[in-house]
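Heads up: the structure comes next, in structure tokens.
What follows draws every value from the coordinates through simple rules; no lab data is involved. Remember, it's a predicted structure, so these values are computed and weren't measured experimentally. Cβ sites come from the backbone with ideal geometry, for glycine too, and all protein chains shown count toward neighbours.
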Amino acid sequence: MATIFSRIAAGEIPSYKVAENDKFFAFLDINPVAPGHVLVIPKKEESYIFNLEDNEYAEFTLFAKRVAAAVEKAMPCKRIGVCVIGLEVPHAHIHLIPLRTEADMDFRKPKMTLPAEEMQEIAAKIAAEFK
Ligand code: AMP
């Protein structure tokens, strides 16, 4: 059965898309730890990022680097934090998090739910900066 993230990449489940090419897709985390929290996924179904072939892993991280540059331009922050968890959704993904303080990477904090209009606005800003 397709993972929820495959269905998002296929457009079957709505998401706040920020970037896409033929192999990868990036969208806002629905319950961000900080505004502008993005998930980057390969369209190919692979449950665990470190099971990707070397060339796929390299391409994936290079795509994530381009997305990170866009997030950094679009969101007020000092740095973009990068993290792999994967305990909840069995589809490889990289979390990109705009950081103002170290605490913005704390996944134990209650996660946010932002209004749809704000999510839309953030996604549009990031998408506009994606090169
Ligand atoms: P993890 O697998 O532990 O890295 O966590 C999965 C992340 O995906 C969590 O931060 C969730 O908030 C996020 N998430 C789950 N479902 C969706 C969805 N439909 N759209 C956007 N983000 C999601």
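A few comments on the model shown:
- Where only alpha carbons of the stretch 1-55 are counted, the Rg and the Dmax (Å): 11.5, 32
- As a proxy for reagent exposure, Met112, Met75 were ordered by neighbouring Cβ count within 10 angstrom, fewest first; the result is Met112, Met75.
- Among the listed pairs Lys65/Lys125; Lys43/Lys78; Lys23/Lys78; Lys23/Lys111; Lys23/Lys125; Lys44/Lys109, a Cα-Cα separation exceeding 27 Å is found for Lys43/Lys78; Lys23/Lys78; Lys23/Lys111; Lys44/Lys109.
- Computed over the chain: relative contact order in percent, which uses C-alpha pairs under 8 Å that are six or more apart: 32 percent
- Taking the three principal axes of the alpha carbon atoms in the stretch 1-119, the coordinate ranges are 34, 28, 26 Å, sorted in descending order.
- Farthest toward the positive end of the dipole of the chain, out of Ala10, Ile85, Leu52, is the Cα of Ile85, where the dipole comes from beta carbon charges about the Cα centre.
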